[in-house]
């Protein structure tokens, strides 16, 4: 059985290491992501992975988080949800890079914050990943993707 590349909703990777990503499994329909997948956090100190899910209704709030951070404001995605929330704090912005802190917290006891120095185009990259998931889901969840 061949391994297929998973669908990626978000992947924030630091210039000097560290990353946060959500990759969705492939559904029973080829080329369409499932709503379940994995949330992965990695840096020199910690490496974690947990199962998660993303509903089509989660996409607009993720886009809102990207809008807020792009405007220089901190934001949290899926705050108080049944799955891990992801917060992004813009610590510093220079000409070609941003210093951000990404916090991942589950609804139990786990909370991890990693600092990442990212190239300035990181938000555009996240929007492209988001657009890819929206396009793939458009055929199976048309009313949820407004």
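The values are calculated or read from the model by the stated rules, or taken from the named source; none is laboratory data. Quantities reported herein were computed from a predicted structural model and do not represent experimental measurements. Neighbour counts are summed over all protein chains in view; Cβ atoms, including those assigned to glycine, are modelled from backbone coordinates with ideal geometry.
Would you mind telling me which numbered condition in (1) more than 30 Å from residue 31 (Cβ to Cβ); (2) without any contact (Cβ under 8 Å) to a residue 60 or more places away in the chain; (3) more than 13 Å from the chain's Cα centre (by Cα) residue 115 fails?
The one condition residue 115 does not meet is (2).
Right, residue 5: modelled with pLDDT under 95, surrounded by fewer than 15 Cβ atoms within 10 Å (Cβ to Cβ), within 16 Å of the chain's Cα centre (by Cα) and assigned to a loop (DSSP other than H, G, I, E, B) or not?
Considered against the rule, which asks whether it is modelled with pLDDT under 95, surrounded by fewer than 15 Cβ atoms within 10 Å (Cβ to Cβ), within 16 Å of the chain's Cα centre (by Cα) and assigned to a loop (DSSP other than H, G, I, E, B), residue 5 comes out as no.
Among the residues of region 24-49, count how many are more than 20 Å from residue 115 (Cα to Cα) and surrounded by fewer than 18 Cβ atoms within 10 Å (Cβ to Cβ).
Within region 24-49, residues that are more than 20 Å from residue 115 (Cα to Cα) and surrounded by fewer than 18 Cβ atoms within 10 Å (Cβ to Cβ) number 12.
Only one of 50, 109, 101 is within 14 Å of the chain's Cα centre (by Cα) and free of Cβ contacts under 8 Å to residues at least 40 places away in the same chain; which? Lay out the reasoning, then the answer.
Numbers: 50 fails: free of Cβ contacts under 8 Å to residues at least 40 places away in the same chain; 109 fails: within 14 Å of the chain's Cα centre (by Cα).
On inspection, the qualifying residue turns out to be 101.
Only one of (1) out of contact with any helix residue (DSSP H, G or I) (no Cβ under 8 Å at 6 or more places or on another chain); (2) part of a strand (DSSP E or B) is not met by residue 107, so which one is it?
Evaluating residue 107 over (1) out of contact with any helix residue (DSSP H, G or I) (no Cβ under 8 Å at 6 or more places or on another chain); (2) part of a strand (DSSP E or B) leaves (2) as the failure.
Just the residues that are surrounded by 13 or more Cβ atoms within 10 Å (Cβ to Cβ) and touching a helix residue (DSSP H, G or I) at 6+ places or on another chain (Cβ under 8 Å), please, taken from region 56-80.
Selection gives 56, 59, 62, 63, 66, 69, 70, 74, 75, 76, 77, 78.
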